[in-house]
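Heads up, the thing below is written out as structure tokens.
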Amino acid sequence: QVQLVESGGGLVHAGVSLRLSCAASGRTFSTYAICWFRQVSGKEREFVAAIHWNGRNTHYADSVNGRFTISRDNAKNMAYLQMNSLKPADTAVYYCAAHSTWTEFVRGKNPQDWGQGTQVTVSS
């Protein structure tokens with residue numbers, strides 16, 4: 001199990017960039033696949049991006065592909081979501097989540113660990 005804490009959310013104008021951070025605790029962080037999800041109140045949680053433990057394999061939702069970049073630093077137990085060219089439609093609570101393996105992510109399993117979320121609000 002890994003504990004996750006997100007930070008970096010805020011209120012920004014459309015077109016600017018924001019970087020979210022996910023701090024993890026647990027000795028096995030480097031073996032986990034890390035994902036970012038987002039959720040708008042009253043709507044289902046939406047997948048945003050995922051990264052393999054090796055940091056090289058990534059996957060993005062079509063809605064953010066080319067604008068968002070997921071990364072991780074296993075030595076620091078950190079994961080990041082760089083969000084560029086933000087749009088009002090990106091407004092949501094963003095969650096960091098962990099799969100015990102990349103295979104679990106590929107198979108569409110729900111992540112086993114979740115952070116508490118950080119609010120991102122993009123004004124037009």
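The values are calculated or read from the model by the stated rules, or taken from the named source; none is laboratory data. Computed from a prediction, not measured in an experiment: that's the story for all the values here. FYI the Cβ positions are ideal-geometry reconstructions off the backbone, even for glycines, and counts take in every protein chain you see. Ligands, DNA and RNA are excluded from the accessible area calculation, which covers all protein heavy atoms including side chains. Shrake-Rupley method; radii C 1.70, N 1.55, O 1.52, S 1.80 Å.
For region 70-86, the criterion of being within 20 Å of G10 (Cα to Cα), surrounded by 14 or more Cβ atoms within 10 Å (Cβ to Cβ) and aromatic (F, W, Y) is satisfied by at least one residue. Beta carbons closer than 7 Å, at least 6 apart along the sequence or on distinct chains, pair a first residue in region 40-54 that is under 14 Å from V120 (Cβ atoms) with a second that is surrounded by 12 or more Cβ atoms within 10 Å (Cβ to Cβ) and of a type in the set (K, R) for E46/R38; V48/R38. For region 109-123, the set of residues classified as within 22 Å of S63 (Cα to Cα), open to solvent by 60 Å² or more (accessible area, probe 1.4 Å) and in a loop (DSSP other than H, G, I, E, B) consists of K109, N110, listed by residue number. List the number of the failed condition for A98; all other conditions in (1) assigned to a loop (DSSP other than H, G, I, E, B); (2) of a type in the set (G, A, S); (3) touching a residue at least 40 places away in the same chain (Cβ under 8 Å) hold. The failed condition is (1).
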